[in-house]
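**Student:** One structure follows; several queries about it will come next.
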Amino acid sequence: EVVGTATSGLQVEPLVSRTRPDLVLLDLQLPGLDGFSALALLRERHTRCRVVVLSGGDEQATIEETLRQGAAAYISKSIDPHDLPAVLRQALEGNVYYTTTRVGRETVARVVRESEHEQVRRETGLTGRELEILRAVSRGLSNRAVGKELFLSDQTVKFHLNKIYRKLGVANRTEAAKAAHKLGLVSDLSHAP
């Protein structure tokens, strides 16, 4: 749900203070106050709000600086609009990455930040990718939907799921979703299969 829009960098922080959104989609090229300054202000005053930067450029230095300053994701404006909701959902779940599209082929690069799930990774032996898949499955997504969201083939998702089942000592998706809940990887089972 969109709770507000701003046309100037100076409007961003007051709008966030008033509306308390879960996520802010921020352009770097803003009049009045540039996107980096707005990002710094949001990170300082609204630490629970995720900030996703949507920008026209795909320079490596800009992407790295954006993520270093605390953006949850960096997305090129050339992204397919149909892919944007999945990217925003991933940003809300705490995955950090950037995505760019180049002429003739799409290049997607993920930069996964060490997170609160690092202990779970050590305890279970699950990889970062397996954790992503487990969280998606726990939300009730089919293999196809998981693949679309994470840019994987159905077969690759199936391969990872088999490894996840073995590592968690479970037999199916439902048991995996319950294990994810017990491990604190998902907040509730209302979306689980």
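**Student:** Of the residues that sit in the stretch 20-62 and are among the polar types (S, T, N, Q) and over 15 Å from A72 (Cβ atoms), which one is most open to solvent (accessible area, probe 1.4 Å)? Talk me through it step by step, then tell me what you get.
**Tutor:** Initial filter on the stretch 20-62 (among the polar types (S, T, N, Q)): 29, 37, 47, 55, 60, 62.
Of the ones still in play, those that are also over 15 Å from A72 (Cβ atoms) are 29, 37, 60, 62.
Numbers: Q29: 147, S37: 46, Q60: 86, T62: 38 Å².
Filtering the stretch 20-62 for residues that are among the polar types (S, T, N, Q) and over 15 Å from A72 (Cβ atoms), the one most open to solvent (accessible area, probe 1.4 Å) comes out as Q29.
**Student:** Looking at (1) in a helix (DSSP H, G or I); (2) at pLDDT below 75, which is the one condition that is false for T101?
**Tutor:** Failed condition: (1).
**Student:** Any idea how many residues of the stretch 73-91 are of a type in the set (D, E) and modelled with pLDDT of 80 or more?
**Tutor:** From the stretch 73-91, those of a type in the set (D, E) are 80, 83; that's our starting set.
Now narrow it down to the ones that are modelled with pLDDT of 80 or more: none.
Within the stretch 73-91, residues that are of a type in the set (D, E) and modelled with pLDDT of 80 or more number 0.
**Student:** Among residues belonging to the stretch 145-160 that are in contact (Cβ under 8 Å) with a residue 12 or more places away in the chain and in a helix (DSSP H, G or I), point out the one that is most open to solvent (accessible area, probe 1.4 Å).
**Tutor:** Here the residue is K148.
**Student:** Could you check how many residues of the stretch 168-183 are under 11 Å from T124 (Cα atoms), within 24 Å of the chain's Cα centre (by Cα) and modelled with pLDDT of 90 or more?
**Tutor:** 1
**Student:** Now for a separate question. Does L92 satisfy being in contact with a Lys or Arg (Cβ under 7 Å, 6 or more places away or on another chain) and open to solvent by 60 Å² or more (accessible area, probe 1.4 Å)? Show your work before the answer.
**Tutor:** Values: in contact with a Lys or Arg (Cβ under 7 Å, 6 or more places away or on another chain): yes; open to solvent by 60 Å² or more (accessible area, probe 1.4 Å): yes.
Yes; evaluated as a whole, the condition is true for this residue.
**Student:** Only one of these is among the small types (G, A, S), at pLDDT below 80, under 26 Å from V12 (Cβ atoms) and not in a helix (DSSP H, G or I): G70, G94, G32. Name it. Step through it out loud before you land on a result.
**Tutor:** On the way: G70 fails: at pLDDT below 80; G32 fails: at pLDDT below 80.
Of the residues listed, the single one that is among the small types (G, A, S), at pLDDT below 80, under 26 Å from V12 (Cβ atoms) and not in a helix (DSSP H, G or I) is G94.
The values are calculated or read from the model by the stated rules, or taken from the named source; none is laboratory data. Predicted model, so just to flag it, every value in this text is computed and none were measured. For neighbour counting, all protein chains shown are included, and Cβ atoms are generated from backbone atoms with ideal geometry for every residue, glycine included. SASA here: full protein model, heavy atoms, side chains in, ligands and nucleic acids out. Shrake-Rupley method; radii C 1.70, N 1.55, O 1.52, S 1.80 Å.
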